[in-house]
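Please treat every number below as a calculation from the coordinates, not as lab data. From a predicted model like this one, the values you see are computed outputs, not experimental measurements. We place every Cβ from the backbone using ideal geometry, glycine too, and count neighbours over all the protein chains shown.
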Amino acid sequence: MKSTEKFGTAPLSKLLAEQAIPAAVGILTMSIYAIVDTIYVGHFVGPEGIGAITVVLPITFLISSIGMAIGVGGSSVLSRALGDNNTEKAFKTFGNQVMMTITLAIFFVLLGAFFTDDIIHAFGGKGDIEEPAIAYFNILLIGVPFLAWSMMSNNVIRSEGYPRVAMFAMIIPAILNIILDPIFIIALDMGIEGAAWATTISYMGSAAFTLRHFIYGKSVLKISVEYCSPSVPIIKEISALGSVTLARQGVISVLAVVLNNSLYFYGGGQGLAIYGIVNRVLMFANFPVLGITQGFVPIVGYNFGARLKDRVQKILRISIAWASGISLLLFILLMTFAADISGLFTSDQSLIKETTPVIRTVFLATPLLAVSLIISAYFQAIGRAAPALFLALTKQGIFLIPLVLILPLYFGIHGVWMAFPIADVGAALISFIYYKLSHPKYPKKAVLLKEVDQISTSEILGNE
């Protein structure tokens, strides 16, 4: 457990850099491969291919987010258990994460396979986009369990104190995808199906790498049948805290249904292609905030479990300052080079012309993203599921979905793009106000960690 002890003693700025930089690099690499994937599809398949990817990815990420939810929820439990030197609970938590991820991922993949056509139609796969979307989805379903495993494992590896291993788990599939895209799409002339196979194989590569870490690597959380036996209290706690991530992704998927159908109604296939490009840029622009958030969570969880209040508050302030500063720099770059960015994805001049002002509109409030994401992650890290869930759903659930439905009635497709910065501002304000009004109670030295878990459970039931 020595790898985690530094969370409670090392200088916080140095510690955050050690945790956040590998996470950010991993996310950046994944963003780059998603961008490269879209560039190949845009140039060698066409706008319909970009539209198909735009329709399918929210579906596959919804299914695979089960692994992410189990990883994030379980890692919060793990970090606090490690901070309290409760190794037995840490082992049992990991075992239950393994069991839950494999079981649920396979179940939902089978569900997706049986209702493919209905799901694709619901997410906006219509007209010329329908056929390539179905072809892309059918192949990606094969890789979804591997992606779910990788998402779960990545969070566990980071909570153990191995951020570089977690980074490589994200870089490996990116490199594989970048290598395989030109082979399958161009050399083998497989079109959209080639892009799907390149992505699926990359998911398998990531899963194999993380599995090796637990079997042959430095991890103390070895996979054991003994610890995989279901523990109802642990499953409840993982589910409660993981529900924040799952609900966020669920709302994002609902947003995708609303957004894709609105875009198709007001802008046709071109509207979906524009958002396909914008969504890839969103992934890139958000990487510093997401990286800092991922690096920040195990530090907060450990120090909260160790009852080090001052370190928890200080790391929160440092994280928001760093993420906001980097996001401001990216905001300036996006506003300045919007046209050049659009041209990376397609040679279709009309698509470039329409996408450029959309990028400038969607990213107007980018620097504020840090406030809402990090404050939500803060409550999740300390085991307060109810406020974490509320804040996680604020942007998409309270603001974005209603705005996407209402604004286009008055402003057409431009109303869809206006909804994004308004939602960012609203989510940041609510998160900041909630944090200022909330005063988390730290467990006293004599209180066992399981009592902290009981506090979390009572909050989930509404008794905060």
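Quick one: helix 12-44 against the long Cα principal axis of the chain, what's the angle to the nearest 10°, folded into 0 to 90? In the chain, helix 12-44 runs at an angle near 20 degrees to the longest axis. Sorted largest first, the spans of the alpha carbon positions of the stretch 261-310 along the three principal axes are 54, 19, 13 Å. Size descriptor for the stretch 14-127, Kirkwood hydrodynamic radius: 17.2 Å (Cα pairs only, one decimal). Descending by average beta-carbon neighbour count within 10 Å, the peptides 317-326, 255-264 line up as 255-264, 317-326, the highest first. Compared with the dominant Cα axis of the chain, that is its longest principal axis, helix 413-437 is turned about 10°.
Between T336 and F411, the modelled label-to-label distance comes to 2.6 nm, taking each label 7 Å out from Cα in the direction of the beta carbon.
Over the chain, the pair-distance histogram of Cα-Cα distances with 20 Å bins from zero comes to 26, 59, 15, 0 percent, rounded to whole numbers.
Under 15 Å from the Cβ of Y266, count the other residues' Cβ atoms, weight Lys and Arg +1, Asp and Glu -1, and hand me the total. Net local charge, Y266 excluded: 0. A straight chain from L329 to K218 at 0.36 nm per residue would run longer than the Cα-Cα distance by 36.3 nm.
So how do 291-304, 127-140 stack up, highest first, on mean other-Cβ count within 10 Å? Present the calculation step by step, with values, prior to reporting the outcome.
Details: 291-304: 26.9, 127-140: 20.8.
Order by mean packing, descending: 291-304, 127-140.
The packing ranking of peptides 372-380, 329-337, 15-23, 427-435, highest mean first, is 372-380, 15-23, 427-435, 329-337, where packing means the average number of other beta carbon atoms within 10 angstrom of each residue. Put a dot 7 Å past the Cα of A17, heading toward its Cβ, do the same for I102, and the two dots end up 4.1 nm apart. When L28, L111 are sorted by how many other C-beta atoms sit within 10 angstrom of their C-beta, beginning with the fewest, the order is L111, L28. With respect to the chain, whose longest principal axis is taken over its alpha-carbon atoms, helix 349-362 is tilted by about 30°.
Take the Cβ atoms of A187 and L437, set R0 to 51 Å, and the FRET efficiency comes out at 0.30.
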